[in-house]
Every structure is written in structure tokens, then in C-alpha cells.
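Take a look at the structure below.
The values are calculated or read from the model by the stated rules, or taken from the named source; none is laboratory data. Just so you know, these numbers come straight off a predicted model, no measurement behind them. All Cβ positions, glycine included, derive from the backbone under ideal geometry; neighbour counts span all protein chains shown. Areas reflect the complete protein model, heavy atoms only, side chains present, ligands, DNA and RNA absent. Shrake-Rupley method; radii C 1.70, N 1.55, O 1.52, S 1.80 Å.
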Amino acid sequence: MTETVLLVGGGGREHAIARSLSESDCDLYACAGNRNPGITRIADGFESLDTTNVDAVADYAESVDATLAVIGPETPLAAGVVDALEDVGVYAFGPKRAEARIETDKQFQREFMAEHDIPGCPDFATFDDPEDAAAYIDEYDGHLAVKPTGLTGGKGVRVTGDQITKAEAMEYVRESEYEEFVLEERLVGEEFTLQAFVANGEVRTTPAVQDHKRAYEGDEGPNTGGMGSYSDSIPQLPFMNEADYREAVRIIEATVDALDGYRGVLYGQFMLGADGPRVVEFNARFGDPEAMNTLPVLETDFLDVLTAARDDESLPDLDFAEKATVCKYAVPEGYPTDPKSGAKVRVDEESAGEALLYYASVDARDDGIYTTTSRSFAVVGVGDTIADAEEIAEDALAVAGEEGLRIRHDIGTADLVQKRIDHVNDLRGA
Ligand code: AMP
Ligand code: GLY
């Protein structure tokens, strides 16, 4: 029987999932709020809908006789799309709403880690009164990360001593639109992402990736959803050793054990400092951009992972091409604080050359492709080394129309990678 897969979501991550599934023997349908031309071209059918309207997603799944679903973004997970699909008999690879709280509720996430003694948890305290939170910041001995409890698209966290002063953090908790906060010890080091496929109590990890959250080159400016990312031809990154990678895997495994019944991708965001990897956060899905590093080098058939998960079988071992990847996003001018939407994007697909081109939050209309308020498209270079992959990505960008768009050209460059290595070596006193 040919599987019919429904892909939920319309960003760069979902374009990467679609492209990966296009190599599998399945029919692919997709739904999202925007018309991502990369996805609509690959899919056998596409429905424009609000993916947090879980009944609409379930209706569409039924109408196309979906035998499986894959959920890309966190917002439909938070809205309970997996539960709604299960109610109409469609297995979705993604956590149910209760399990997705590991991402969607930062208070739950930290309390869960503490309760189950999961290693790598920073000191934290939770608040539902901004005044109490401000008083805690004032009295806290050291710097902190200030996190709104709910989803903020990666843009709600403020770190003192890094982006803002403690006085500004006190003002932030008092003045922002958020009411509930987790305040935690500021972790220092280099961040990395470890994503794992999880189902039936099993965990299959993928190579580590480093994303770049800050909007501008040199890690300046506000936090974004991620401006670009790189991975190496081995599971570790250049600033990590094998033991660091293994420790991150151990933390993911301990979390999956404690979650009991989790399925989908579990994404660990780690900070590597003097004491080894500590947990910045968990996400209940692939990273965006990280999926664009991971899926192009996955040699195992993605559909085999999905059907094994659904059919209660052992997950296949994962093979990865021993290649490095560099992903660079083009984002609308003004992103993330004041993004200019509705600008026409001119992407010359032919000139992407060897690089992979992924469309993200753009909208394809009759007369062209337009920016929305989020990231527009990404190019991914795949090569033997990070330097090779970076060159391929940069060559592709040089010929892509950049009008009205901004790119962090420093991602994956030798200078920036060396800075990461030096940073961790400094912290470790090496
Ligand atoms: P999150 O929304 O939890 O991914 O946080 C966004 C970004 O804030 C992370 O990628 C980190 O760069 C930073 N961050 C979050 N928590 C901490 C922490 N405890 N210490 C230092 N930085 C943090
Ligand atoms: N790249 C960060 C995220 O997907 O949350």
C-alpha cells in the first residue's frame, strides 16, 4: 500500500521535510497558512489553512485519506493537532498536546527536569506576578535568563549581562505583554542543537548543529527564530568533543525515559561551557533552520522511520552522509522587530548552483513570491568540510536577489567557527 502523508506547516523546515519525503515512496499532501512554493511544487495536494485550527487540519487529513501525518511547527502541536488527528484515526509523528508542553510551557519543562533529576538543568524559579519576578531579578546574585513561560517564537527571552542590564530586565518583566516568567541562571558557553527521532521508547539521534539566534553579524542584535546554522561531517561540532556529544545524547535519552510515551522529534538546545552540556531548552519538533542541515544528509528513508514509529516497530538505525552543511537564511529587512512584509522576493533558482534552496515564510501569488513577516528563504551548502559547504552557500547567495532582504554572511565562516572553538577552550581553561 502506498502511504499518504500529510505535512503540516509551510516554512523552511517543512520544505526540507517535503523534499526528504519526495525521495520516499508516498503521496504527499500539505497544509499551511502560507503558500510555500517549494512545498506546493513537491506535494500532490495543498490546502491553505490556519494550522492551529486543529479540526480543519483533521478534516483535510480525512479528505485526502492520510495514513500518516508529520507536524513541522510548534504552534499546531500546542493547539493539540496530534490529538485531533488521532481522533480521526490518523497517526501523527509529533507529540500530543500534553507531551508538547516540554516546549510550550517553560515552567513545566524546568519542573519536569528537576522532578526527574534530568542532568544539565540550570537553577530556576517561576513567577506569575511580574512584581515578584522583578524583585527576584533585583536580589539575584549573578546574571539571569528571563523567559516568558509560553511560546514566543524564540523572541521572548532576554539574558542579562549579554543583551540587557538587570535594570532593563526588571523593566521588561513589568512592562512586557507577558505575565508568567521562568527566571534562571545564565548559562555561558557555546550553544548547540541535538535533534532525535523518538517513538516506542526508542531514540535515534542526529549530528549536532549550531544555530545563530542573533539578528546581525558578529552575534549582535535581537534574538530571532534563527538566522542560519552549520553541522560537520561527524556528529560533533568543531568546539565539542565526543564526550560532550555523548552527554547530550544521555540527557535526551533520560528525558525520553521520563516523558514516557513521547513521539516525534525531541530537540535539545544545549549550552557547552566549563561543566559540559547544560540544557537551554527542549523543543518538540525539528529546528528551523536545523532541519535543513540534518535532512539533506539523512540517507535512511524518512518514510521508514515514520511507518516504524506508527506500526510499533523498532526504529531503523540512521545513516548520515559524512558531509558538512551550512545554511544561511535571507530574512525581510527589519526582521525580527519590524519586518517589512509584502516585498517581492526575486530568487533565481537556476543560479543556486550546487546549493539547496529552501523557501520559508513566503507567499506565492499569481504574480510572484512575497515576503511575510518571518524568514524568507535559505540556501544550504553541503560539502566535505564546513569551509566547502560555506563557500557553496555563499556562491548561491551572491546570485540570489537580496533586495529588501538581510543575510548573516558570517555563518559557517572559518573566523566565526574558530571563535567558537576559542570560546569553549577559554571556558575550559585549555
Ligand atoms: P529559548 O526561547 O528558550 O530558545 O531561548 C532563546 C535563546 O535565549 C537561547 O537560544 C539562548 O541563546 C538564550 N537563553 C535561553 N536560556 C538561557 C540561559 N539559561 N542562559 C543563557 N542564555 C539563555
Ligand atoms: N532554531 C531554533 C528553533 O527551531 O527553535
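The table below lists the values:
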{"quantity": "The one condition in (1) open to solvent by 10 Å² or more (accessible area, probe 1.4 Å); (2) away from ligand 1 (no atom under 16 Å from the Cβ); (3) assigned to a strand (DSSP E or B) that Lys340 fails to fulfil", "calculated": "(3)"}
{"quantity": "Among residues of segment 218-269, those that are at pLDDT below 95, closer than 16 Å to Val424 by Cβ and either open to solvent by less than 30 Å² (accessible area, probe 1.4 Å) or of a type in the set (A, V, I, L, M, F, W, C) (or both), counted", "calculated": "0"}
{"quantity": "Entirely in segment 359-430, the strands (runs of 3 or more DSSP E) that have 3 or more residues that are hydrophobic (A, V, I, L, M, F, W, C)", "calculated": "377-383"}
{"quantity": "Count - residues of segment 27-69 that are out of contact with any helix residue (DSSP H, G or I) (no Cβ under 8 Å at 6 or more places or on another chain), open to solvent by less than 20 Å² (accessible area, probe 1.4 Å) and either without any contact (Cβ under 8 Å) to a residue 12 or more places away in the chain or part of a helix (DSSP H, G or I) (or both)", "calculated": "1"}
{"quantity": "Flag if Lys155 is within 16 Å of ligand 2 (Cβ to nearest atom), charged (D, E, K, R) and either open to solvent by 50 Å² or more (accessible area, probe 1.4 Å) or touching a Cys at 6+ places or on another chain (Cβ under 8 Å) (or both)", "calculated": "yes"}
{"quantity": "Residues within segment 66-101 that are under 14 Å from the mean Cα position of the chain (by Cα) and among the β-branched types (Val, Ile, Thr), tallied", "calculated": "2"}
{"quantity": "Enumerated helices (runs of 4 or more DSSP H) restricted to segment 237-321, each holding at least 1 residues that are touching a Pro at 6+ places or on another chain (Cβ under 7 Å), away from ligand 1 (no atom under 16 Å from the Cβ) and more than 29 Å from Glu23 (Cα to Cα)", "calculated": "242-259"}
{"quantity": "The listed residue being more than 17 Å from the chain's Cα centre (by Cα) and under 23 Å from Asp83 (Cβ atoms), out of Asp244, Asp312", "calculated": "Asp312"}
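For (1) under 30 Å from Pro289 (Cβ atoms); (2) of a type in the set (A, V, I, L, M); (3) touching a His at 6+ places or on another chain (Cβ under 6 Å); (4) in contact (Cβ under 8 Å) with a residue 12 or more places away in the chain, each residue gets a yes or a no:
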{"position": "Cys121", "(1), (2), (3), (4)": "yes, no, no, yes"}
{"position": "Asp128", "(1), (2), (3), (4)": "no, no, no, yes"}
{"position": "Glu139", "(1), (2), (3), (4)": "no, no, no, no"}
{"position": "Tyr172", "(1), (2), (3), (4)": "yes, no, no, yes"}
{"position": "Glu185", "(1), (2), (3), (4)": "yes, no, no, yes"}
